[in-house]
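What follows is a single structure, written as structure tokens, with notes after it.
The values are calculated or read from the model by the stated rules, or taken from the named source; none is laboratory data. In this text the structure is predicted, and so the values were computed from the model without any measurement. Cβ placement follows ideal geometry from the backbone for every residue including glycine, while neighbour counts extend to all protein chains displayed. Remember, those area values only see protein heavy atoms, side chains included, never the ligands or the DNA or RNA. Shrake-Rupley method; radii C 1.70, N 1.55, O 1.52, S 1.80 Å.
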Amino acid sequence: MSRVKPSILAVTPLARTRIFEVEEVHLRFSNGVETRYERLVGSPHGAVLTVALNAAGEVLLIREYAVGLHRYELGLPKGRIEGGESPLAAGVRELREETGFGAHRAELLGELTLAPGYSTQRTFVVLARDLHHAPLPGDEPEPIEVVPWPLERLGELIGLPECSEARTLAALFMTRERLASEGRG
């Protein structure tokens, strides 16, 4: 069934902090019903999450503090895409800043959304291969721990309480599927 998207009648900023912005969106649906939604506005260029695969078939996870859960979380290197930067360039830059490794090969695996019912945030997933030592200074308040993890132990990783971020888990499954389609999984 093909649906007609509602018309946006007005967008009103409700709140803005250093990191977050909230908008109210006044909508009219094709059946005439008008309503107001609230949404979190993501970075205008989106974000990137990098799956770095080393020669041993391990992905480079990072352990860093997650203020939302007030704990250390195991996940993939990630960050905001800067203006004028492609998702691939941002993915390799974040990899270098957070793990100290660059990549001779990088490809876009896809795009993820997080709670699209109330957020505009988009995250591009980059697969990085042919890694080499190439550190860049990052903006983290403390050193990040790099944890190489064998991709064949993905089931075990899912069971760890400290690895709960949906984007990380989805990106690892996307990577496993890509490698399987290449005859490597």
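Sequence-distant contacts, meaning Cα pairs under 8 Å at least 6 residues apart, place the relative contact order of region 73-146 at 31 percent.
How large is the dipole of the chain about the Cα centre if only Lys and Arg carry +1 and Asp and Glu carry -1, each at its Cβ, rounded to the nearest 20 debye?
Working: 21 positive and 26 negative charges, 133 e Å.
Dipole size: approximately 640 debye.
Residues whose amide H comes within less than 5 Å of that of C163, counting only those at least five positions distant or on another chain, are L74 (H built at 1.01 Å from N in the peptide plane).
For the chain, a Gaussian network of Cα nodes joined below 10 Å ranks G32, G102, G79 by mean-square fluctuation, and the top entry is G32.
Only Lys, Arg, Asp and Glu count, each charged at its Cβ (+1, +1, -1, -1), so figure out the dipole size of region 93-185 about its Cα centre, rounded to 20 debye. Present the calculation step by step, with values, prior to reporting the outcome.
Values: 10 positive and 16 negative charges, 88 e Å.
Using Cβ point charges on Lys, Arg, Asp and Glu, region 93-185 gives about 420 debye.
Give, to the nearest whole percent, the P(r) tail of region 82-179 beyond 19 angstrom, counting all Cα pairs.
Summing the P(r) tail past 19 Å for region 82-179 gives 51 percent.
Backbone phi angles across region 48-61, fed through the Karplus curve with coefficients 6.51, -1.76 and 1.60 (θ = phi - 60°), yield HN-Hα couplings of 9, 9, 10, 9, 9, 10, 8, 5, 7, x, 9, 9, 8, 8 Hz in residue order; Gly and Pro are listed as x.
Maximal additional length on extending the H133-M174 stretch stands at 12.3 nm, based on 0.36 nm per residue less the C-alpha distance.
Of S164, S119, S30, the residue with the greatest mean-square motion in the GNM of the chain, using alpha carbon springs below 10 Å, is S30.
Using the Cα centre of the chain as origin and beta-carbon charges of +1 (Lys, Arg) and -1 (Asp, Glu), tell me which of N31, L9, G183 is placed farthest towards the positive end of the dipole. It is N31.
Run the numbers on the chain and let me know its relative contact order in percent, using alpha-carbon pairs under 8 Å that are six or more apart.
Working: 361 pairs, mean separation 39.3, N = 185.
Here the relative contact order equals 21 percent.
Close amide H pairs (under 5 Å, H built 1.01 Å from N) link A66 with R71, Y72, E73, residues at least 5 positions away or on another chain. Shown here is the pair-distance distribution of the chain: with all Cα-Cα distances grouped in 5 Å bins from zero up to the longest one, the shares run 1, 7, 14, 18, 18, 14, 10, 7, 6, 4, 1, 0 percent.
The accessible surface of region 1-116, taken with every protein chain in place and a 1.4 Å probe, is 55 percent carbon and sulfur. Between L40, L131, L14, the residue with the greatest mean-square fluctuation in the GNM of the chain (Cα pairs under 10 Å linked by springs) is L14.
How far is the Cα center of region 48-114 from the Cα center of region 155-181, in Å? Centre-to-centre (Cα) distance: 13 Å.
Summary: within the chain, the longest segment free of trypsin sites (Lys or Arg not before Pro) located in DSSP loops with at most 16 other C-beta atoms within 10 Å is 19-183.
So with the 1.4 Å probe, I'd like the accessible area per residue for region 60-170, rounded to whole Å².
With the other protein chains kept in place, region 60-170 gives 52 Å² per residue.
Which angle between 0 and 90 degrees, to the nearest 10, do you get for helix 166-181 versus the longest principal axis of the chain when only C-alpha atoms count? Tilt relative to the chain: about 60 degrees.
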